[in-house]
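A.B. asks: Please read through the structure below; I'll follow up with questions.
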Amino acid sequence: MRIALASDHAAIDLKAALRDWLIESGYEVADLGPETGESVDYPDYGFKLASVIADGTAERGIALCGSGIGISISVNRHPQVRCALVSEPLSAALAREHNDANCIAMGARLTGIDMAKACVTAFLETEFADAGDANGRHRRRVDKLAHPLLPDNH
């Protein structure tokens, strides 16, 4: 599985620690930057992450900024990407199980490295509940996320 990571300057250290840990764990990792702690705009990196998830270059994404809020909003601007802001493993697992999230976001100022690793583990190891069921209740809801203005079909 290829995982893409992106952050802003506030989360550069957390991103580096997660990148190294994921590589050591055997994952293929794409670090989309930034490379230094110089101030950058989180939407630029959120858009970069969303693009590689949407085009299939990476299967899953991890978005990081100071709070996780700003970058999650920017990632979610892409209709093919579902990024959940998580702070503990249960929310990360439920994001996958119920929402088929292909990205998670975390705040480096709010989440320590051990908790971030626990969130990433839950995110990567949890399957979507309706993975094999095209008519499942979760699939129906997730499909509506890509087309929020379509009329209700049930």
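A.B. asks: Is it true that residue 34 is outside any helix (DSSP H, G or I), over 21 Å from residue 114 (Cα atoms), in contact (Cβ under 8 Å) with a residue 12 or more places away in the chain and not aromatic (Phe, Trp, Tyr)? It would help to see each step written out before you state the result.
C.D. replies: Numbers: outside any helix (DSSP H, G or I): yes; over 21 Å from residue 114 (Cα atoms): yes; in contact (Cβ under 8 Å) with a residue 12 or more places away in the chain: yes; not aromatic (Phe, Trp, Tyr): yes.
It is true that residue 34 is outside any helix (DSSP H, G or I), over 21 Å from residue 114 (Cα atoms), in contact (Cβ under 8 Å) with a residue 12 or more places away in the chain and not aromatic (Phe, Trp, Tyr).
A.B. asks: Which condition does residue 119 not pass, out of (1) surrounded by 17 or more Cβ atoms within 10 Å (Cβ to Cβ); (2) of a type outside the set (A, V, I, L, M); (3) closer than 23 Å to residue 56 by Cβ; (4) out of contact with any Phe, Trp or Tyr (no Cβ under 8 Å at 6 or more places or on another chain), if it passes all the others?
C.D. replies: Unmet condition: (3).
A.B. asks: Right, next: Among the residues of the range 42-88 satisfying the criterion of being part of a loop (DSSP other than H, G, I, E, B) and touching a residue at least 60 places away in the same chain (Cβ under 8 Å), which is surrounded by the most Cβ atoms within 10 Å (Cβ to Cβ)? It would help to see each step written out before you state the result.
C.D. replies: From the range 42-88, those part of a loop (DSSP other than H, G, I, E, B) are 55-59, 66-68, 76-82, 86-88; that's our starting set.
Still in the list and also touching a residue at least 60 places away in the same chain (Cβ under 8 Å): 79-80, 82.
Numbers: 79: 12, 80: 13, 82: 20.
Here the answer is 82.
A.B. asks: Any residue at all in the range 18-31 that's more than 30 Å from residue 136 (Cβ to Cβ), touching a Gly at 6+ places or on another chain (Cβ under 6 Å), in contact (Cβ under 8 Å) with a residue 12 or more places away in the chain and not in a helix (DSSP H, G or I)?
C.D. replies: no
A.B. asks: Would you pick out the residues in the range 94-122 that are more than 19 Å from residue 25 (Cα to Cα), in contact with a Gly (Cβ under 7 Å, 6 or more places away or on another chain) and not in a loop (DSSP other than H, G, I, E, B)?
C.D. replies: Correct list: 105, 106, 107.
A.B. asks: Can you tell which of 91, 51, 72 is of a type in the set (S, T, N, Q), at pLDDT 95 or above and more than 19 Å from residue 31 (Cα to Cα)?
C.D. replies: Details: 51 fails: more than 19 Å from residue 31 (Cα to Cα); 72 fails: more than 19 Å from residue 31 (Cα to Cα).
Just a single option satisfies the conditions, and that option is 91.
The values are calculated or read from the model by the stated rules, or taken from the named source; none is laboratory data. Nothing here was measured: the structure is a model prediction, and the numbers come from that model. Positions of Cβ are backbone-derived with ideal geometry, glycine not excepted, and every protein chain shown enters the neighbour counts.
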